Amino acid sequence: MTGTPREILGGRLRIALEAAGLDPERGEVSAAADTRFGDYQSNAAMVLAKKKKANPRQLAADMISKIDVGGISAAPEVAGAGFLNFRLEPEFIASCIQELAGDPRLGVVPAKAPRKIVLDFSSPNVAKPMHVGHIRSTILGDCLARVARFLGHDVTTDNHIGDWGTQFGKVIYGWKHFLDRDALGRDAIAELVRLYREVNRIEETDEAVKKSARDELVKLQAGDPENLAIWKETVELSWREFEKLYALLEIRFDERLGESAYNDALAPLCEELQRRGIAQVSEGALCIFFPEVPALAEKPAIIRKSDGGFLYATTDLATIEYRIKRWSPDAIWYVVGAPQALHFQQIFAACRRMGIEAGLAHITFGSILGEDRKIMKTRSGENVGLAEVLHEAVERARKMIATRQDGLSAEEAESIAQTIGLGAVKYAELSQNRHTDYVFSWDKLLALDGNTAPYLQNAYVRIRSIFRRGGIEADPLAKVLISEPAERILAIKLLQYAETVPVVLEDFRPNLLANYLYELANTYHSFYEACPVLKAEPAIRASRLLLSEVTARTLAHGLSLLGIRCPEKM
Ligand code: ARG
């Protein structure tokens, strides 16, 4: 098999279009929306007829007379306004599955043009807990890195932590006056947040403290050794807390180049941009104006304030320069919430003016809502942190498996609870369209039925248990027999894994993969209801075992691309 059914049929259709003197570019084939009429379909005739003002059904008939799909599908049929419907030949399906069974990549071919990609995600702020926005960025970003790597791209992940900023004036002042060392040892971020809030509170009524905190910031920026040492310690302590969460989530970064890494680059960058005429002084501030971008016509980016201070935008421009110099990437992807859309529009427009050619993408997402449909908060009204969410998920999973399984060792039970709890949180994120806000509901997230990680993990476990019960393994060389409709539907679904994975990167949509896995699990369920496996006669049994095995592998593989593990029991 050279390619997926979609590619093979598309290739044949393009040859036919060419032979009919039509634009072969329009030869797109996709999985059928309604499998009653076929397995694959194309709207090429309708698209081309519109352009040529021709009759679509007539055009479709012309295509059919020219297309050669022998050995792959029956002659396509015209349906509706001019759809071409293809029904795959059972022998073709069987031979594709046979190949899949021996392919560790499950049919997914690496990208023809691998790219160098820098992926900026998670990027929490020091001395602040990771909030819901960071949860989405962390989980989405990690998934995109996994998928891109699997497709053969060269990915460098960089955690651009917010480790420099005006909050440090308050944190350092608080550190010097009210630090509780024991509390710092117990939960560093909580203590740093407390210091920050405490200073904020006092400042409101005490001008002298406000000034002192500002002086601490100026001293830090001027390189005062004591303040630098305190700053460094707050960064390391915060990072250690973040790392605990990353370890739990099995997420790692190639680089951790926070904002502070670019401090020395900001002044020279501003001078260079001014010299090149890209930035201009306006009312004392150095700005980049974007008359060429209508949406930004009234919205210049300020890169140096009139008091000489630099901004978030300045750091991001310096960061891009550095990344280009160091990695010459084809693309830089930022997984950051929608509220920063204007910031990235400005940065990207500035990059075009600077002559930077890498493809820059802001991968945005909405918020997570509580069950009251408001931004998720804890009972005391604070934004919910990632740490709390993960701990609660694992705790709930512990309770869930305690009621289901006996005969598990404490260690096994704990590892399964982690796999289920963390998987559920990740899947809740990845199964959503990233643009929409979603409601975080513990019961839905951990439900064993529905589009959830536990449902998919359970589907995997149930297939594995068929093999355990039968005391057998699938024979990868068994002959695949496709006769029942349910076998056919399952087999075609399996072939579509290879068509689904690459699409995830087209518009950064892990939910397409999640939904595919959910449909696959449902399809397997129908297959299992309709087709006995262990009790079938030997040749059919071997074929069905092989279909089951490929299903289990596809589920586990797809979940692993989402950063989710499968337990062997649950
Ligand atoms: N630290 C920022 C925040 O929490 C996100 C940084 C995103 N990355 C970037 N290169 N600006 O909002």
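A few points about this structure:
- Which numbered condition Arg276 fails, given (1) over 25 Å from the mean Cα position of the chain (by Cα); (2) over 19 Å from Arg352 (Cα atoms): (2)
- Val281 being among the β-branched types (Val, Ile, Thr) and either without any contact (Cβ under 8 Å) to a residue 24 or more places away in the chain or more than 16 Å from the ligand (Cβ to nearest atom) (or both): yes
- Ala358 falls short of the stated requirement of being under 25 Å from the mean Cα position of the chain (by Cα), under 19 Å from Arg136 (Cα atoms) and within 16 Å of the ligand (Cβ to nearest atom).
- Filter pass, Val109 being buried (at least 21 other Cβ atoms within 10 Å of the Cβ) and either over 15 Å from the mean Cα position of the chain (by Cα) or within 16 Å of the ligand (Cβ to nearest atom) (or both): no
- Checking each residue in region 241-256 for being touching a strand residue (DSSP E or B) at 6+ places or on another chain (Cβ under 8 Å) and within 19 Å of Leu562 (Cα to Cα) picks out Arg252, Phe253, Asp254.
- When the residues of region 289-306 are filtered to those that are of a type outside the set (Asp, Glu) and more than 32 Å from the chain's Cα centre (by Cα), the one that is modelled with the lowest pLDDT is Ala297.
- Tally of residues being surrounded by fewer than 20 Cβ atoms within 10 Å (Cβ to Cβ) and either assigned to a helix (DSSP H, G or I) or of a type outside the set (A, V, I, L, M) (or both) across region 459-479: 14
- Selection status of Glu392, under 23 Å from the mean Cα position of the chain (by Cα), away from the ligand (no atom under 16 Å from the Cβ) and surrounded by fewer than 18 Cβ atoms within 10 Å (Cβ to Cβ): yes
- Region 116-127 residues that are farther than 7 Å from Thr157 by Cα and of a type outside the set (A, V, I, L, M), paired with ones that are part of a strand (DSSP E or B) and more than 6 Å from the ligand (Cβ to nearest atom) (beta carbon under 6 Å, 6 or more apart): Lys116/Asp154; Phe121/Val335
- Put simply, of Ile139, Ile67, Ile161 the only residue that is crowded, with 23+ Cβ neighbours inside 10 Å and either under 23 Å from His435 (Cβ atoms) or within 16 Å of the ligand (Cβ to nearest atom) (or both) is Ile139.
- Single residue of region 112-126 satisfying the filter (within 12 Å of the ligand (Cβ to nearest atom) and either farther than 15 Å from Phe253 by Cβ or hydrophobic (A, V, I, L, M, F, W, C) (or both)) that is surrounded by the fewest Cβ atoms within 10 Å (Cβ to Cβ): Asn125
- Top-ranked residue in region 323-339 [being under 18 Å from the mean Cα position of the chain (by Cα) and farther than 25 Å from Glu271 by Cα; ranked as farthest from the ligand (Cβ to nearest atom)]: Ala331
- Pairs, first within 10 Å of the ligand (Cβ to nearest atom) in region 303-322, second aliphatic (A, V, I, L, M) and in a loop (DSSP other than H, G, I, E, B), C-beta under 7 Å, six or more apart: Ile320/Ile356
- Qualifying residue in region 378-386 (condition: outside any loop (DSSP other than H, G, I, E, B), at pLDDT below 95, within 16 Å of the ligand (Cβ to nearest atom) and surrounded by fewer than 19 Cβ atoms within 10 Å (Cβ to Cβ)): yes
The values are calculated or read from the model by the stated rules, or taken from the named source; none is laboratory data. Just so it is clear, the model here is predicted, and its values are computed rather than measured. Note that we place each Cβ from the backbone using ideal geometry, even for glycine, and neighbour counts take in every protein chain shown.
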